[in-house]
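Reading through the structure tokens given below for one structure.
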Amino acid sequence: MTDIYFGTDGWRGIIGENFTFENVRRAAIALSYLLRERKIEDRPVVIGYDYRFMSEYFARAVYDELVQKKIHAELSDRAIPTPALSFATKKRSASCGVMITASHNPHFYNGIKFKASYGGPVMPEFTFDLTRLLQKVPTASREAPVYAEKILMKDILSPYLRTLKKYVNFGPLKKCGIKLAVDSMFATGGNLFQELLRETNIRIFPIRTMRNPLFDNDLPEPAPPLLDKLADVVKKNKCDLGLATDGDADRIGVVDAKGNFVTLHYIMPILYEYLIESRGMSGDAVRTTSTDELFDHVCRSHGRQCFEVPVGFNNVCQLILERDILVGGEESGGMCFKNHIPERDGVLSGLLILEMMANKKASLEKMISSLAKRFHPVEYIRIDRICERAKMVSNMKGMMNNPPEKIADSPVENIDRKDGVKFQMANKCWMLMRISDTEPKGRIYVGGREKKAVLRALKAGEKMLFH
């Protein structure tokens with residue numbers, strides 16, 4: 001029996017090693033047990049999949065096992081973004097949504113994300129119970145059995161696209177003349193922006209929109225340096241904006257007219273202000289602890305609050321279910337918005353950025369410059385590094401038990417231990433260190449107001465965690 005481990009965003013594994021048909025079927029069987037245990041087995045399970053290698057076949061294996069266990073299942077008729085699956089889970093009052101994807105991981109990975117009936121990520125107790133029930137399923141068929149005589153396939157994508165068309169104000173987009181570069185990174189973002197913007201006069205320069213399960217031997221992650229190709233298209237064609245979606249299109253990467261990557265430390269507060277000032281919407285905000293406090297300052301200027309939660313979109317989602325939240329998100333490209341679903345949505349995020357630019361008749365660079373002058377600029381660096389797990393755990397315990405008084409010659413003013421360890425320094429820099437639950441990898445996030453100070457803190461942080 002090969003272990004299946006659920007992290008903050010589902011289960012991911014290497015294809016052929018631990019992500020196998022047998023383990024996928026084991027997970028599906030355990031899911032059927034969980035649905036019966038919770039007495040929600042009479043509601044459908046919606047199943048979707050991305051463009052990764054054999055994703056549609058893994059999705060079919062989940063479908064077959066559920067049907068064999070007398071669970072009503074509905075399978076997407078094509079590859080879809082994760083937010084489309086989440087939307088369908090909520091719209092169909094499903095007991096659960098199952099998405100076959102490994103998001104932004106390398107091409108030799110695949111995985112499963114589970115979605116709850118409210119249209120967002122499941123909470124930890126769900127995966128805890130699923131892990132417990134997996135122990136009752138030590139084996140499953142390694143073959144490709146077909147239990148269902150007839151496959152119940154559904155068009156999950158079209159209702160989702162219709163909802164996006166209703167949410168976004170397309171009026172300004174029909175006459176704005178924006179030139180847009182789009183990078184789908186060979187994944188399920190595909191031609192969605194082209195389809196959604198077809199009736200506007202936005203001129204689109206698309207790249208990497210076709211399916212390629214190898215992702216051209218790259219990562220489908222919309223962040224530097226993986227956005228260099230998009231930046232080149234932006235500069236070559238003198239575009240106003242560049243947008244990229246990740247492996248399952250729930251996250252967005254943004255490049256301005258100069259080809260510079262724009263972090264969500266800026267994008268989230270800018271969109272928040274736009275929705276309040278131009279749309280007349282209201283609500284608080286929520287951000288993960290890996291995000292700069294700029295968002296807090298913007299919210300306070302509008303008489304609202306920005307809550308900080310641990311990394312993991314399930315933490316963002318939980319607060320959205322409890323409070324009146326207008327915008328929620330994380331630094332890695334995932335955002336959600338009020339009156340939609342409590343789920344990351346890269347496609348909707350991109351459309352709202354376009355709407356904002358068209359409505360305000362201003363470039364993204366100008367809006368960022370204005371925000372930085374009114375509040376403060378944000379310099380940010382994140383590194384992910386493979387390292388011996390035991391060494392990182394030992395170093396982390398040492399920092400928590402005997403924290404440094406200074407980092408890069410700046411006094412440490414506050415230490416937060418709710419998610420890894422986060423240091424706040426006197427020079428307005430902050431540094432978060434975390435260890436991955438699913439792989440031998442450490443992550444360091446550093447933000448501040450001056451680039452040199454951020455670089456100095458990062459250099460010190462590398463020695464603290466990895467050496």
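Computed from the coordinates by the stated procedures, all read-outs in this text should not be read as laboratory data. Note that this is a predicted model, so its numbers are computed, not measured. Neighbour counts are summed over all protein chains in view; Cβ atoms, including those assigned to glycine, are modelled from backbone coordinates with ideal geometry.
Which entries in the list LYS175/LYS361; LYS391/LYS452; LYS428/LYS452; LYS418/LYS451 go over 18 Å, if you measure between the two C-alpha atoms of each?
Table pairs above 18 Å Cα-Cα are LYS391/LYS452; LYS418/LYS451.
If you take every residue apart from PHE375 with its C-beta less than 13 Å away from the C-beta of PHE375, what net charge results, scoring Lys and Arg +1 and Asp and Glu -1?
+1
What number, rounded to the nearest 500 deg cm²/dmol, is the helix-based mean residue ellipticity at 222 nm of the chain, given -39500 (n - 2.57) per DSSP H run of at least four residues and division by all its residues?
About -11000 deg cm²/dmol.
Once you have the Cα-Cα distance between SER301 and VAL393, take 0.36 nm times their residue separation minus that, and quote the gain in nm to one decimal.
Extra length from SER301 to VAL393 when fully extended: 29.2 nm.
Given a Förster distance of 30 angstrom, what is the FRET efficiency for LYS91 paired with SER282, based on the Cβ-Cβ distance and rounded to 0.05?
Once rounded, the FRET efficiency stands at 0.75.
Mind running the shape call on the chain? Use the C-alpha gyration tensor, a ≥ b ≥ c as the square roots of the eigenvalues: rounded below 1.5 for a/c, prolate if a/b tops b/c, oblate otherwise.
oblate
Just subtract the alpha-carbon distance of LEU214 and LYS406 from 0.36 nm times their residue separation and send over the number in nm, one decimal.
So the chain would gain 64.7 nm between LEU214 and LYS406.
For GLY448, what is the net charge nearby, where nearby means another residue's Cβ is under 11 Å from its Cβ and Lys, Arg count +1, Asp, Glu -1?
Overall, the nearby charge balance is +1.
Label region 160-261 by shape, choosing from rounded, prolate and oblate, from the square roots a ≥ b ≥ c of the eigenvalues of the Cα gyration tensor; if a/c is under 1.5 it is rounded, and otherwise prolate applies when a/b is larger than b/c, oblate when it is not.
oblate
Which value in nm describes the separation of the simple spin-label points at ILE14 and ASN191, placed 7 Å from the Cα toward the beta carbon?
In this crude spin-label approximation the distance works out to 3.7 nm.
So what's the projected area for region 11-157, the Cα convex hull averaged over all directions, in nm²?
7.7
In nm, what is the difference between 0.36 nm times the number of residues separating ARG162 and LYS441 and their Cα-Cα distance?
Taking ARG162 through LYS441 to full extension adds about 96.5 nm, to one decimal.
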